[in-house]
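Peer 1: What follows is a single structure, and I will ask about it in a moment.
Coordinate-derived values only; no laboratory data. Only a predicted model underlies this, so the values are computations on that prediction, with no experimental measurement involved. All Cβ positions, even for glycine, are placed from backbone atoms using ideal geometry, and neighbour counts span all protein chains on display.
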Amino acid sequence: MIIRTLPLRHGRLAVPKPITPSTLRTLATALDRPRFQPATASLDANGQSPSGGRTLEIRDPTDPVAQNFVFLQQQKALHKPIGSAVEPHYKPHDLIANPPSPKDITLELLMASQAHIGHATSRWNPSNAKYIFGVRGRDDPIHIISLDVTAAYLRRACKVVKGVTERGGLVLFVGTRGGQERIVVRAARLAGGCHLFSKWTPGSITNGQQILGACRKKVIDHNDIEVLGFGDQLERSAALKPDLVVCLNPLENYILLHECGLHNIPTIGIIDTDANPTWVTYPIPANDDSLRSVQVICGTLGRAGQEGQEIRRKSAAQGMWTSMQEHGLQPPTHGQAQREKEMREQEAMLAQQEYEEDARTVASEELEPVAKEDSLPYERDRPLSSEELAQASESARHLADWETAGVVEP
């Protein structure tokens, strides 16, 4: 190996130009490396490559196209170890499969997710003045959100979610914009709460007994195991209400936030520069239009809820209960629990029978037309016998007599 100085700036055409210090690079090359290596491949009798791939045979080494191609391959081989690999890089699915935890929140992560981009200055809400860092742009200026404030308010919201789930509270995640479905479901599953990614039904909290009264409810113990025997009491009980609501787009869910305020339900919301921070209890100033920003914030809140659930389960395993709810239910008797268990088994058996019957019906409907189509060509193409011809003519004669007598209409 020798060290050879090769000027590289615009490829091979830069060689005859005057050499400047900025165009010099030191490269290691082999001493016996040829400048031109013709690429040839052996073909079989049919003119195909033995490996099955497409190959190119260079017959004229003086061809400019062949020279450029070989020079390109040589440069790729020489420059392959030069440069840097950017790690880690952005993977959209990672924010849903593995959301960041509250301790992973950094200003770099928030800036990379575009959480600092606000709306145009003409659309700003004066209540957001303490969250705004500055203005960017001259022709179409936009507000820039202070990421220091965003990180601080996000950590505070994570502590709230963690405290609610640690005490056995119910958290509702709401995100009704397009593309927010997966992260809403993922965060609710981590925090052990509920999710909503469709339109909010007005009155679900203020008039919940009429709208959600028919929904099934269940009672669980401190280890999240369902306790049977409360069926009759749950039918007469009021509809459940969330202990905390996380709203990813407050502008489209003002009715939800208003109902939560009427029933003293705390709320957490992503507040952009055009929203009113007084609509929610715990605002998080950030960009609510960036899907990546929403995924980072919602995933972090879901991780905080997961930490609270783990603390609650560990305490319950040790016999220390951190959640005591006033539900007003009486302990069921052994007979009530046994009857409800039998009813559940009967319902499951009936559902299984209905499913099997529907499956057999669908299978028969799919096979019946095929059998008819298979029989039609045979019946149509088969020639009629003399007896069948005689029966057909006699039936036609009787039909004509009945039409004449007025028994049937022609």
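Peer 1: Can you list residues whose amide H is under 5 Å from L244's amide H, if they're 5+ apart or on another chain and H is modeled 1.01 Å from N?
Peer 2: L170, L172
Peer 1: Using alpha carbon centroids, what distance separates segment 112-146 and segment 171-198, in Å?
Peer 2: Here the two parts' Cα centres lie 27 Å apart.
Peer 1: What's the FRET efficiency of Y254 with I142 using the Cβ-Cβ distance as r and R₀ = 25 Å, to the nearest 0.05? List each step's numbers first, then the result.
Peer 2: Details: r = 24 Å, r/R0 = 0.95.
Calculated transfer efficiency: 0.55.
Peer 1: To continue, here is another question. May I ask which of K103/K130; K103/K314; K91/K130; K159/K314; K199/K314; K217/K341 have a Cα-Cα span longer than 27 Å here?
Peer 2: Details: K103/K130 25 Å; K103/K314 21 Å; K91/K130 33 Å; K159/K314 18 Å; K199/K314 36 Å; K217/K341 15 Å.
Over 27 Å Cα-Cα: K91/K130; K199/K314.
Peer 1: Using θ = phi - 60° and the Karplus curve 6.51 cos²θ - 1.76 cosθ + 1.60, what whole-Hz ³J(HN,Hα) does each residue of segment 112-124 get, with Gly and Pro shown as x?
Peer 2: Values per residue, Gly and Pro as x: 5, 8, 6, 6, 8, 7, x, 8, 4, 5, 6, 10, 6 Hz.
Peer 1: Let me ask you something else. With viscosity set to 1.306 mPa s at 10 °C, what whole-number translational diffusion coefficient in µm²/s follows for segment 83-193 from Stokes-Einstein and a Kirkwood radius over Cα pairs?
Peer 2: Values: Rh = 16.6 Å.
The estimated diffusion coefficient comes to 96 µm²/s.
Peer 1: Continuing with this model, one more query. Can you tell me the FRET efficiency between L109 and A348 if r is taken as the Cβ-Cβ distance and R0 is 35 Å, rounded to the nearest 0.05?
Peer 2: On the way: r = 46 Å, r/R0 = 1.32.
E between L109 and A348, to the nearest 0.05, is 0.15.
Peer 1: Quick one: Debye curve from the alpha-carbon atoms of segment 182-317 only, equal weights, vacuum; give me log10 I(q)/I(0) at q = 0.10, 0.13, 0.19 Å⁻¹ to two decimals.
Peer 2: One equal scatterer on each Cα of segment 182-317 leads to -0.39, -0.66, -1.23.
Peer 1: Something else: Of the chymotrypsin sites (Phe, Trp or Tyr not before Pro) in segment 60-110, which ones lie in a loop per DSSP and count no more than 10 other C-beta atoms within 10 Å?
Peer 2: Answer by residue number: Y90.
Peer 1: Once you have the Kirkwood Rh of segment 82-124 from its Cα pairs, apply Stokes-Einstein at 10 °C and 1.306 mPa s and quote D in µm²/s. Mind showing how you got there, number by number?
Peer 2: Working: Rh = 13.1 Å.
The calculation lands on 121 µm²/s.
Peer 1: Per residue of segment 63-75, what does 6.51 cos²θ - 1.76 cosθ + 1.60 with θ = phi - 60° give for ³J(HN,Hα)? Whole Hz please, x for Gly and Pro, Karplus curve as stated.
Peer 2: Result, rounded to whole Hz: 5, x, 5, 5, 5, 5, 5, 5, 4, 5, 5, 5, 5.
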